[in-house]
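The next block holds one structure in the form of structure tokens; read it before the comments.
The values are calculated or read from the model by the stated rules, or taken from the named source; none is laboratory data. If you're wondering where the values come from, they're calculated on a predicted model, not measured in any experiment. Virtual Cβ from ideal backbone geometry, glycine too; neighbours counted across all protein chains shown. In case anyone asks, the SASA skips ligands and DNA or RNA and just uses the protein heavy atoms, side chains included. Shrake-Rupley method; radii C 1.70, N 1.55, O 1.52, S 1.80 Å.
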Amino acid sequence: MTDDAAITTAGLTKHYPGVAALTDLAIDVPAGSIYGFLGPNGAGKSTTIKILAGLTRPTRGSAAVAGIPIQAGAAYRREVGYLAQEPRFYDWMTGRETLRFVSSLYPPERRATENGVLTTLARVGLGDAADRRTADYSGGMRQRLGIAQALIGRPSVLLLDEPVSSLDPIGRREVLELMAELKGETTVFYSTHILEDVQRVSDHVAILDRGRLVRAQPTADLLASFDQDQLRVVIGGAVDGTAVGLASLAGVLGVELAERDGDIRNFVVRVQPDAAGAVQAAITAFAAERQLTVIENHVVRLGLEDAFLRLVTPKEHAA
Amino acid sequence: MTASTATITRHRADRLDGRPLPGLRPLLRKDLGEWIHGRRAIVVLLIVSVFMALAAANSWLNAWIIANVPEAAEAGASKVISLAPLDNVGAAVASQIFVFAAIFAAMSLIVRERESGTLAWMASKPVSRSSILVSKWLSATVVLWIVAGLIPLGVTAVVVTILYGAPPLGAVVAAGFGIGAAIALFVAVALAASALVASQPAVAGITFAAFLLPTIVTAIIPFDIAPYLPTSMPAWLMALGTGAPVGVVTPIAWVLGLAALGVFGARRMADLEL
């Protein structure tokens with residue numbers, strides 16, 4: 001556990017009869033971060049969020065938010081603002097009444113004033129709809145009201161379960177922009193299976209697969225760790241033996257012919273960790289010796305999707 | 001945290017800054033607001049009032065038929081049970097229509113919120129689940145006591161006064177409290193059942209079983225166990241109102257029954273996976 005962790009879990013496990021939904025999850029979520037919790041369907045993301053929201057009990061393990069353990073009940077939940085995947089409110093209340101009601105559930109020092117309620121509604125773009133019944137809200141409006149009600153008690157952490165998965169592109173963009181605005185103000189821990197969103201707004205990412213944590217680190221570090229192990233090499237005048245020659249260079253783990261256009265061949269060269277620079281130099285020397293033309297010789301920058309696919313085992317292969 | 005520590009001190013988790021039942025007051029305001037905004041209270045009020053008024057008027061109607069339709073009287077289709085005011089207030093109360101109404105109105109209180117996700121939403125806030133349960137029970141009991149008890153009883157008293165003469169006020173007041181006691185009990189049964197099963201028919205089944213079982217059991221068992229049943233509270237209060245001798249066993253059974261339902265419901269609620 002780090003001192004500035006907003007959320008800490010250790011050995012967090014949830015098993016249902018015959019199903020290991022979550023096993024030994026250990027993460028530290030830095031305070032003020034936007035933490036993407038990524039995984040395929042059934043990976044255990046919602047289970048984790050429900051445990052952290054105090055809606056279900058872990059089979060074993062511990063979790064704490066702002067240093068308050070989950071067993072503290074109401075005192076713990078005071079530090080947590082939760083948004084369900086498909087948020088539902090009392091449809092006879094207006095947006096303003098919903099925030100007033102949620103605010104009244106918090107201790108007096110955390111309650112919002114009427115001005116605070118309106119400011120929060122305006123912040124999520126619902127200022128004009130404050131006095132409309134929530135039954136008349138669209139999916140995107142409900143999601144934004146969900147974020148507003150999660151924020152109104154000034155919690156240490158926002159837990160958002162798939163906040164954009166059911167939204168159209170416009171609603172998705174609005175909610176992601178709102179999440180990005182919250183950076184530094186509060187900690188946002190959200191689950192998703194949309195990789196593009198994580199890459200867009202998250203500064204930290206954890207990848208979960210089959211209930212187990214596969215990787216947890218800053219998003220940039222995760223991507224950089226994959227950047228260093230693959231080169232794209234395009235060589236003019238290449239022959240069949242060129243691939244074998246490249247594979248024999250020191251630091252090269254494997255060579256794959258990706259594309260061929262006459263005597264121009266495009267290779268993907270996998271290299272040992274931290275060997276990319278040396279291998280690039282060796283390839284340049286290798287081509288010069290054989291009078292080949294190096295058209296491209298650079299590190300491949302992987303997107304999160306590639307990283308995710310490398311880390312997560314496809315179901316049919318894992319079975 | 002181990003499995004044993006995960007279940008630590010429910011009472012501690014049910015408090016916030018040392019205060020028991022955190023969030024009860026705003027939850028109660030919300031639940032009462034929900035009754036006001038919905039149609040259930042109006043439906044219950046109309047059905048129970050009409051039914052109890054008709055039950056009270058039954059003897060007068062039969063007397064009128066005997067006096068004006070001799071064929072019906074000869075065929076034995078109508079007979080006057082009693083024209084005494086108190087007996088006809090008793091006939092309306094004994095129909096127990098308010099219990100059916102209470103079960104009908106209370107069976108969905110938790111289940112519907114569980115299905116819609118608003119129960120999980122509330123449970124994620126700094127309130128205790130016991131507060132959610134107590135708020136539902138208090139609001140439903142108060143509203144149903146008014147719309148299925150006091151107002152229909154008032155209508156019944158007016159009908160009885162017009163048709164038979166004024167009933168003794170003490171007995172009517174006692175009947176009002178008796179109806180309230182029955183409603184409080186069966187709302188508690190419905191809520192405890194809602195924490196146990198997740199469908200409205202199952203909740204209704206359990207609650208109706210709790211309603212019918214005492215009648216069946218008292219009919220089978222050779223000695224009188226009625227005074228020991230919490231469901232006998234309305235009869236006990238009616239007897240008290242008319243000055244008949246009563247013991248203290250029935251109110252104790254009623255209080256213990258409510259307490260047991262409360263503890264059971266709260267424990268089940270705490271364990272619910274939402």
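Looking only at segment A:73-96, which residues are surrounded by 24 or more Cβ atoms within 10 Å (Cβ to Cβ) and free of Cβ contacts under 8 Å to residues at least 24 places away in the same chain?
If the condition is that a residue be surrounded by 24 or more Cβ atoms within 10 Å (Cβ to Cβ) and free of Cβ contacts under 8 Å to residues at least 24 places away in the same chain, then A:Gly73, A:Ala74 are the ones that fit.
List the number of the failed condition for B:Ala166; all other conditions in (1) closer than 26 Å to B:Leu261 by Cβ; (2) not in a helix (DSSP H, G or I) hold.
Of (1) closer than 26 Å to B:Leu261 by Cβ; (2) not in a helix (DSSP H, G or I), only one is false for B:Ala166: (1).
Looking only at segment A:41-66, filter to residues that are in a helix (DSSP H, G or I) and within 12 Å of another protein chain (Cβ to nearest Cβ); which one of those is surrounded by the fewest Cβ atoms within 10 Å (Cβ to Cβ)? Steps first, please.
Start the filter on segment A:41-66 by keeping residues that are in a helix (DSSP H, G or I), which leaves A:45-52.
Those still in the list that are within 12 Å of another protein chain (Cβ to nearest Cβ) too: A:46-47, A:49-52.
Details: A:Ser46: 21, A:Thr47: 24, A:Ile49: 23, A:Lys50: 23, A:Ile51: 25, A:Leu52: 27.
Per the criteria, the residue is A:Ser46.
Based on what the data block shows, is A:Thr120 under 22 Å from B:His37 (Cβ atoms), surrounded by 15 or more Cβ atoms within 10 Å (Cβ to Cβ) and either more than 10 Å from every other protein chain (Cβ to nearest Cβ) or without any contact (Cβ under 8 Å) to a residue 60 or more places away in the chain (or both)?
Values: under 22 Å from B:His37 (Cβ atoms): no; surrounded by 15 or more Cβ atoms within 10 Å (Cβ to Cβ): yes; either more than 10 Å from every other protein chain (Cβ to nearest Cβ) or without any contact (Cβ under 8 Å) to a residue 60 or more places away in the chain (or both): yes.
Considered against the rule, which asks whether it is under 22 Å from B:His37 (Cβ atoms), surrounded by 15 or more Cβ atoms within 10 Å (Cβ to Cβ) and either more than 10 Å from every other protein chain (Cβ to nearest Cβ) or without any contact (Cβ under 8 Å) to a residue 60 or more places away in the chain (or both), A:Thr120 comes out as no.
Can you name every residue in segment A:284-315 that is over 23 Å from A:Ala224 (Cβ atoms) and assigned to a strand (DSSP E or B)?
Of everything in segment A:284-315, those that are over 23 Å from A:Ala224 (Cβ atoms) and assigned to a strand (DSSP E or B) turn out to be A:Thr293, A:Val294, A:Ile295.
Considering only residues of segment A:24-40 that are outside any loop (DSSP other than H, G, I, E, B) and open to solvent by 40 Å² or more (accessible area, probe 1.4 Å), which is farthest from the other protein chains (Cβ to nearest Cβ)? Step through it out loud before you land on a result.
As a first pass, look at segment A:24-40 and keep what is outside any loop (DSSP other than H, G, I, E, B): A:24-30, A:34-38.
In the following step, the residues that additionally are open to solvent by 40 Å² or more (accessible area, probe 1.4 Å) were identified as A:24, A:26, A:28.
Working: A:Asp24: 13, A:Ala26: 13, A:Asp28: 16 Å.
Result: A:Asp28.
Which residue is most open to solvent (accessible area, probe 1.4 Å), if the candidates are limited to segment B:107-124 and must be hydroxyl-bearing (Ser, Thr, Tyr) and assigned to a helix (DSSP H, G or I)? Let's see the steps before the verdict.
The first filter runs over segment B:107-124 and keeps only residues hydroxyl-bearing (Ser, Thr, Tyr), leaving B:108, B:116, B:118, B:124.
Then drop every residue that is not assigned to a helix (DSSP H, G or I), which leaves B:116, B:118.
Details: B:Ser116: 50, B:Thr118: 6 Å².
So the residue we want is B:Ser116.
(1) at pLDDT 90 or above; (2) surrounded by fewer than 17 Cβ atoms within 10 Å (Cβ to Cβ): which one isn't true of B:Ala56, the others all being true?
(2)
Which pairs do you get when a residue that is open to solvent by 10 Å² or more (accessible area, probe 1.4 Å), found in segment A:97-111, comes within reach of a residue that is among the aliphatic types (A, V, I, L, M), reach meaning Cβ atoms under 6 angstrom, with the pair 6+ apart or on two chains?
Listed by first residue and then by second, the contacts come to A:Arg100/A:Val117.
Of everything in segment A:210-238, what is open to solvent by 50 Å² or more (accessible area, probe 1.4 Å), out of contact with any helix residue (DSSP H, G or I) (no Cβ under 6 Å at 6 or more places or on another chain), hydrophobic (A, V, I, L, M, F, W, C) and at pLDDT 90 or above? Give them in sequence order.
Of segment A:210-238, the ones open to solvent by 50 Å² or more (accessible area, probe 1.4 Å) are A:210, A:212-215, A:220-221, A:225, A:228, A:232.
Add one more test, that the residue is out of contact with any helix residue (DSSP H, G or I) (no Cβ under 6 Å at 6 or more places or on another chain), and what stays is A:210, A:212-213, A:220-221, A:225, A:232.
Okay, now just the ones that are also hydrophobic (A, V, I, L, M, F, W, C), so A:213, A:220.
Once the filter is applied, which keeps residues that are open to solvent by 50 Å² or more (accessible area, probe 1.4 Å), out of contact with any helix residue (DSSP H, G or I) (no Cβ under 6 Å at 6 or more places or on another chain), hydrophobic (A, V, I, L, M, F, W, C) and at pLDDT 90 or above, segment A:210-238 yields only A:Leu213.
Restricting attention to segment B:80-90, does a residue exist that is free of Cβ contacts under 8 Å to residues at least 24 places away in the same chain, outside any helix (DSSP H, G or I), farther than 30 Å from A:Gly81 by Cα and of a type in the set (Gly, Ala, Ser)?
Residues of segment B:80-90 free of Cβ contacts under 8 Å to residues at least 24 places away in the same chain: B:80-82.
Adding the requirement that they be outside any helix (DSSP H, G or I) leaves B:80-82.
Filter again for farther than 30 Å from A:Gly81 by Cα, leaving B:80-82.
Those left that are additionally of a type in the set (Gly, Ala, Ser): B:82.
Yes; the residues of segment B:80-90 include at least one that is free of Cβ contacts under 8 Å to residues at least 24 places away in the same chain, outside any helix (DSSP H, G or I), farther than 30 Å from A:Gly81 by Cα and of a type in the set (Gly, Ala, Ser).
If we scan segment A:283-291, do we find a residue that is open to solvent by less than 80 Å² (accessible area, probe 1.4 Å), over 27 Å from A:Gly36 (Cβ atoms) and β-branched (Val, Ile, Thr)? First the steps, then the outcome.
Quick first cut of segment A:283-291, residues open to solvent by less than 80 Å² (accessible area, probe 1.4 Å) only: A:283-288.
Filter once more, so that each one left must be over 27 Å from A:Gly36 (Cβ atoms): A:283-288.
Still in the running and β-branched (Val, Ile, Thr): A:283-284.
Yes: one or more hits.
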